[in-house]
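See structure below.
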Amino acid sequence: MTIHDITTSRRAFLAGTGLVIGVAIAPKFLSAARTGVPAGGAGDLKPMNAFVKIGTDDTVTVLSKHIEFGQGPFTGLATLVAEELDADWSQMRAVHSPTDNKIYANLAFGLQGTGGSSSIANAYEQMRKAGATARAMLVAAAAEEWKVPAAEITVEKGRMKHAGSGKESGFGAFADMASRQTPPADPKLKDPKDFVLIGTDLPKLDTREKTNGAAIFTLDIMPDGLLTAVVAHPKHFGAVVKSFDDTDARKVMGVVDIRQIPQGIAVYGENTFAALKGRDELRIDWDLSKAETRSSAELAAEYIRHFDKPGLEATNTGDVAQAFQQPGLQTVEAQIVFPFLAHAPMEPLDAVFIKAADGSVDIYNGAQFPGFDQQVAAKILSLDETKVRVNTQLAGGSFGRKAQFGSPYMQEAASVYAAIGGDRPLKHMWTREDDIQGGFYRPMYAHKMRGAVDAKGRITAWEQIIVGQSIMAKADLDSTSVEGASNLPYRIPNLKVTSHNVTLPIPPLWWRSVGHTHTGFAVETFVDELLTRVGRDPVEGRLALLDAASRHAGVLRKAAEMADWGVTLPEGRARGVAVVESFGSFVAQVADVSVGADGAPRVHKVWCAVDCGVAVNPNIIKAQMEGGIGYGLGAVLFDAVTLDKGGRIMQSNFHDYRSIRINEMPDVSVEIIKSTEKPTGVGEPGVPPIGPAVANAWRKLTDAPVRQLPIVSIMSS
Amino acid sequence: MKITLLFSGIAVNCLVVGVGIMLAPASKAQNAGSLRPVESFQSISDKRARSVALFEEAGKVIQHPRCVNCHPATERPLQGMSMRPHQPPVFRGDAGMGLVGMQCNTCHSEQNTPVVGQADTLKSIPGNPAWHLAPIEMAWEGKTLGQICEQLKDQKRNGEKTMAEMVEHMAHDELVGWGWQPGDGREPVPGTQEEFGKLIQAWADTGAACPSP
Amino acid sequence: MVTFTLNGKTRTFDGDPETPLLWVIRDFEKLTGTKYGCGVAQCGACTVHLDGMPRRSCITPIAMIDGSDVITIEGIAGKEAEAVQTAWAGLDVPQCGYCQSGQIMSAVALLQMVPKPTDDEIDGAMTGNLCRCATYHRIRAAIHNAANAMEG
């Protein structure tokens, strides 16, 4: 997910709706339905503002405008509030906020949304202000009750005290009174040197429920009378139903109904298994006339033909053509082909619809743009948007999959709900096969790289051509195709980066770290190849191309130091390094690799240095680096969605779309660079460096550069 | 398929993604369904040659992926007609029943179990009351039929079976018999267990001669 | 009619005998800690204890478990379960959390059989449990911590 092109000025939103005070918060959750946990505080909760509620039981509930699917916004946003509120961590709770594109806008996007590793970055001041406002209102209430000057009241660990009178209280006793105070216009924020919670490893708020089975995800919402529906989808992108026979499907025990919708054939069951079994019994004739029928190999061949055509210019400094003409150069060329990648979050896409007595509808799901879901569902259900409430739930991962403009998933789910009508609640779910074969992949890309090194070992010219689908559906240059290449961090006097947009019926989408998933790999393997071609050390050679004071250089030096770079390695081991900036965060990784018993890369250890500005919760940052390394490593080693001759999708589940497993996970050490820069994201930036770091080590081990991903085919693994 | 060509080092193992997931290699697909009856070998007058021919016919079963997959040469069973390593990764463990916490019966049952409403390429989970890996000394993976033949006669490598016990095992063992009833979505080994048992009996009766290694 | 015990209570089921135990637990018994992730025994999110052993409930037809004893994440108890859940919280293992019921069921079963597992034994027992957030590094550490705490 990325913030590219997603509207409007940050300034306008900070001025307009950056902190909404006194907005009535009335999320109308149906009492019959189960909503996400962890729940907020018990009892009567008084809103201090749009983001903070205080319970009479002293709990402080933070309404998270960002969805929690593992990257830690519940804990992070609550930390920011608690810091300025001077709350005790034990009294903090977090829940998802209601859906509102204005009040709960991502300040980087201008509408409610989670993505682009932006949660902490955009909410850093906003949540602190929300906490400081609530604190001021509580103190004002206590001052009024105790008849003492507000300035004499101190707050520490959730206790308000007035030394002179000896009065003391928790927040709960003043929650009601405080909610009626006039909020301060411009609450004073702490000097960072006075932080007591920010920068510490506070335990995560959602861990307990995630270790005892109590955490509720969308799939776990089980209202009485629930119908469950699955949809039969085509095996070719762009295929549509020509005709179908549901005679046998309707005979399956528990199948309630079968309806055609634009996306396929929906099967409704009294329970999940009935729907699945019914779907298996459908006979569908698909119309392939508009479908993609080329194989992945044919697509790759076509991509490569674009290399010779003029492309969209992303960067052109110096004179690349002339630079390659100079005498005494060594030139290196490479073509790298990247496959389609599925995100494969553990919880496939799903949504629950419950109709209220007044005809309005509650939707429970875990999506990154709930406002889009609301708009799309309202349209399909023929309801006013105010009659559709999107209740964000914990989601079992996403990695970008649940962030979609126009909400194509919700279009399907709402169509399934609309097609059957009636008053029964409905759950629509995708199976793993729907997920792996459902498109919205990290697109396939082909890169052509050409580099020149002069007699003194300096890289004098670099040309890079990138061919692939435009994630943003652009006709002109799509920055998500070239990010990380067009802004190459290395000082190279002659640099040219161009791209070609390819149009396919296979829907593309951002995948954890977006363009950096391929540009990071291409750039960092190619620079490594150029440097080693002229006998330069990969770390020293990179540092020579970077400003010594740059954050790139900072993380690179740190990772090298952690790994004791240059140390003599045991026979059969090699190390590779890579450094990539993405979403404003800088990450360098060193991977220690050998050839495994099965002939595939075995990654033993990864050292990772990250600079993400102020570290709000170092433990969560480390966890995101570990997870990003595992996610990225699994993809470069094993993953590809491929189309067979004729265009049929070949993979369908985890047996042929492999995920990294515990026995393949390296040991990981993470260090965070101390910084006073504004915090930047960590959900994605751990991903890009691991692929090239491993590939660079692999080139040393095998003398063969990696030109095709994944490194290991499913057939050999 | 060129798109999935990999690094040169292990290219031999990993030329393609997908081809072979469902399809049997052409050589296996031919005559996959039947075994020649023992009587049809009577025309071979040389007893030793007849014995070898009988074993070669039985070899259609023995070297079928259904059988070899659970006679691996490593710690890991194989899967499918392409004989790729088992996913999820499982390992031999005590008595070939898997490692602690990830034993065969974490997923496999006493019978083949249909998988409903999921992957087209996974129609059932195979199962049998005796589901386990053959001991490492009985590994067949990567061996010629001649080598396997010698191994079957070697009591150190056949579970200390006499020839009579070996014939009985091949003809009647329930787990061996699974090969003919491997569950939905899986190609059975050729013929019937009865026909196979007769071939092995006839091979034993003709001196249990082995093809050249 | 299939009769079994679920977390110590006797339950019966008279629907489609092919229904996997996973969907009986979730849709009929409304215990939602046990998750669907793949439906083909590849991911381990549906792991339960069947007669004391870890078992993938998604490929276990209900007819197969007549007379058996089923324990889900909601019903685990004992020193191994306590040690594992405490260790998980201590390291903040979960990220999205969706796979963690299955991870914990596998980890508890391992410790019941091997109180002090090595790294290799942990990998061996846990390879069937996918985590797309890749919390593996902490899972391994948490199992060691749990083993140490039990010894403790």
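Each value in this text was obtained by applying a stated rule to the coordinates, not by laboratory testing. Not measured: the values here are computed from a predicted model. Please note: Cβ atoms are built from the backbone with ideal geometry, for glycine as well, and neighbour counts cover all protein chains shown.
Below is a table of values for the structure above.
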item	result
Among A:671-682, C:36-47, A:542-553, A:492-503, the order from most to least packed when residues are scored by Cβ within 10 Å on average	C:36-47, A:492-503, A:671-682, A:542-553
Integer Hz, Karplus 6.51/-1.76/1.60 couplings in order for region A:148-163, x for Gly and Pro	10, x, 4, 5, 8, 8, 9, 10, 8, 6, x, 10, 9, 9, 10, 5
Modelled FRET efficiency - R0 41 Å, A:Asp194 with A:Lys387, Cβ distances, 0.05 increments	0.30
Region A:76-183: projected area of the alpha-carbon convex hull, averaged over directions, in nm²	7.2 nm²
Tensor-based shape of region A:533-678 (alpha-carbon gyration tensor, a/c under 1.5 rounded, otherwise prolate or oblate)	prolate
Phi to ³J(HN,Hα) by Karplus 6.51 cos²θ - 1.76 cosθ + 1.60 over region A:355-364, Hz, x for Gly, Pro	8, 8, 4, 8, x, 6, 10, 9, 10, 10
Cut-off under 5 Å, modelled amide H: who pairs with A:Ile265 long-range	A:Ala232
Shielding of B:102-110 by partner chains, average beta-carbon count, 10 Å	6
Rg [Å, one decimal], Dmax [Å, integer] - region B:122-213, C-alpha atoms	14.0, 42
Calculated over region A:451-514: convex hull of Cα atoms, volume per residue (Å³)	90 Å³
Within chain C, helix-based [θ] at 222 nm, where runs of 4 or more DSSP H residues each add -39,500 (n - 2.57), nearest 500	-10500 deg cm²/dmol
Filter on A:Lys558/C:Lys116; A:Lys277/C:Lys35; A:Lys379/A:Lys427 - keep pairs with C-alpha separation over 26 Å	A:Lys558/C:Lys116
Expected-Rg normalisation [2.2 N^0.38 Å, Cα atoms] applied to the protein assembly as shown	0.98
Between 0 and 90°, nearest 10: helix C:100-113 axis offset from chain C longest Cα axis	80 degrees
Note, ³J(HN,Hα) from phi for region A:508-522, Karplus 6.51, -1.76, 1.60, rounded to Hz, x at Gly and Pro	x, 7, 5, 10, 1, 5, 6, x, 5, 4, 10, 5, x, 5, 5
Amide H contacts under 5 Å for B:Ser124, placed H, 5+ residues apart	B:Val115
Ranked packing of A:300-307, A:436-443, A:225-232, A:447-454, most packed first, by mean Cβ within 10 Å	A:436-443, A:225-232, A:447-454, A:300-307
Largest-first ellipsoid semi-axes for chain C, taking √(5λ) over the Cα gyration tensor eigenvalues, angstrom	27, 16, 12
Cβ neighbours within 10 Å from other chains - mean over A:344-350	6
For region B:121-160: rounded, prolate or oblate by the Cα gyration tensor [a/c cutoff 1.5]	oblate
Quotient of C-alpha Rg and 2.2 N^0.38 Å, computed over region C:2-71	0.96
Per-residue [θ]222 nm for chain A (sum of -39500 (n - 2.57) over DSSP H runs n ≥ 4, rounded to 500)	-8000 deg cm²/dmol
Region B:32-205: relative contact order as a whole-number percent, Cα under 8 Å and 6+ apart	29 percent
Burial ranking of peptide ranges B:80-88, A:419-427 (average Cβ count within 10 Å, highest at the top)	B:80-88, A:419-427
Computed over region B:32-205, Kirkwood Rh from alpha-carbon pairs, angstrom	16.9 Å
Neighbouring partner chain Cβ atoms per residue of C:134-144, average, 10 Å criterion	6
Semi-axes of the equivalent ellipsoid for region A:400-481, Cα gyration tensor, largest first, Å	46, 13, 9
R0 of 30 Å, Cβ-Cβ distance A:Asp598-B:Asp120: FRET efficiency to nearest 0.05	0.65
Exceeding the 29 Å Cα-Cα cut-off - candidates A:Lys674/A:Lys700; A:Lys65/C:Lys79; A:Lys167/A:Lys674; B:Lys161/B:Lys198	A:Lys674/A:Lys700; A:Lys65/C:Lys79; A:Lys167/A:Lys674
Neighbour-limited loop hits for chymotrypsin sites (Phe, Trp or Tyr not before Pro), region A:558-664 (at most 15 other Cβ within 10 Å; DSSP other than H, G, I, E, B)	none
Rg/Rg_ref, region C:79-151, where Rg_ref = 2.2 N^0.38 Å and atoms are Cα	0.95
